[in-house]
Amino acid sequence: MVIPWVGFSLSEILKKAQPKSSAQYVAFTTLLDKEQMPEQSSRLATIKWPYQEGLRLDEAMHPLCILAVGLYGKVLPNQNGAPLRLVVPWKYGFKSIKSIVGITLTEKQPATSWNSLAPQEYGFYANVNPRVDHPRWSQAKERRLPNSLLNPNIVPTQMFNGYGEEVASLYSSMDLKKQY
Ligand SMILES: Nc1nc2c(c(=O)[nH]1)N[C@H]1C(S)=C(S)[C@@H](COP(=O)(O)O)O[C@H]1N2
Ligand SMILES: [Mo]
């Protein structure tokens with residue numbers, strides 16, 4: 001789904017923090033509030049709350065890495081991640097941590113919620129990559145919204161969700177089959 005987000009580059013806020021040369025990663029954490037977010041009281045073995053995400057510092061400093069405060073020209077509704085939500089266009093569908101209450105610069109790769117729950121299915125990087133299948137399904141195609149029964153609107157997924165020219169250089173020395 002193509003969303004007109006409203007926000008600013010995460011790099012603007014990171015620059016203000018003046019990262020030390022030892023900072024290699026950025027860790028994000030979410031509000032823990034069982035009254036507002038009843039799923040956090042679930043006794044099923046799902047995610048260990050609060051929800052967590054992370055990026056390498058150079059990814060986080062990329063101008064396309066956005067902290068969203070709104071969408072469609074309006075303030076972000078709670079369910080979309082108010083007041084602050086991460087949007088990483090080349091990792092679309094991944095890394096979209098909502099209701100951020102903490103951003104920490106770290107030396108070590110931080111834990112992320114889905115990677116902690118199912119590491120063989122979800123890696124730390126979570127780049128959109130049609131060439132690397134999820135163990136249980138292909139990621140070569142996607143169903144775009146809007147769609148309908150007669151027009152399913154299934155299109156080939158693009159490498160880095162179409163932002164390869166802008167971001168591929170961040171990963172030039174990596175084997176993206178291993179570091180998915
Ligand atoms: N704080 C927080 N952020 C979160 C989640 C969550 O449980 N808590 N779920 C994630 C998952 S699994 C998905 S699919 C997206 C769903 O929201 P969206 O449709 O607005 O992207 O939010 C992501 N961000
Ligand atoms: Mo999800």
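Here the range 67-84 is the region considered, the condition is being open to solvent by less than 40 Å² (accessible area, probe 1.4 Å) and not in a loop (DSSP other than H, G, I, E, B), and the residue that is nearest to residue 19 (Cα to Cα) is 67. Criterion first (hydrophobic (A, V, I, L, M, F, W, C) and either exposed (fewer than 14 other Cβ atoms within 10 Å of the Cβ) or over 16 Å from the mean Cα position of the chain (by Cα) (or both)) does residue 105 satisfy it? In short, yes. The sole residue among 149, 105, 84 that is away from ligand 1 (no atom under 16 Å from the Cβ), of a type outside the set (Phe, Trp, Tyr) and without any contact (Cβ under 8 Å) to a residue 40 or more places away in the chain is 149. One residue stands out in the range 8-45 among those that are in contact (Cβ under 8 Å) with a residue 60 or more places away in the chain and either in a strand (DSSP E or B) or in contact with a Gly (Cβ under 8 Å, 6 or more places away or on another chain) (or both): the one that is nearest to ligand 1 (Cβ to nearest atom), namely 30. Does residue 60 qualify as being aliphatic (A, V, I, L, M), surrounded by fewer than 20 Cβ atoms within 10 Å (Cβ to Cβ), more than 27 Å from residue 143 (Cβ to Cβ) and away from ligand 1 (no atom under 14 Å from the Cβ)? It is false that residue 60 is aliphatic (A, V, I, L, M), surrounded by fewer than 20 Cβ atoms within 10 Å (Cβ to Cβ), more than 27 Å from residue 143 (Cβ to Cβ) and away from ligand 1 (no atom under 14 Å from the Cβ).
The values are calculated or read from the model by the stated rules, or taken from the named source; none is laboratory data. Keep in mind that what you see is a predicted model, and the values were worked out from it rather than measured. Because the Cβ atoms are built from the backbone with ideal geometry, glycine has one as well, and the counts that use them run over all protein chains shown. We work out accessible area using only protein heavy atoms, side chains counted, and drop any ligands, DNA or RNA first. Shrake-Rupley method; radii C 1.70, N 1.55, O 1.52, S 1.80 Å.
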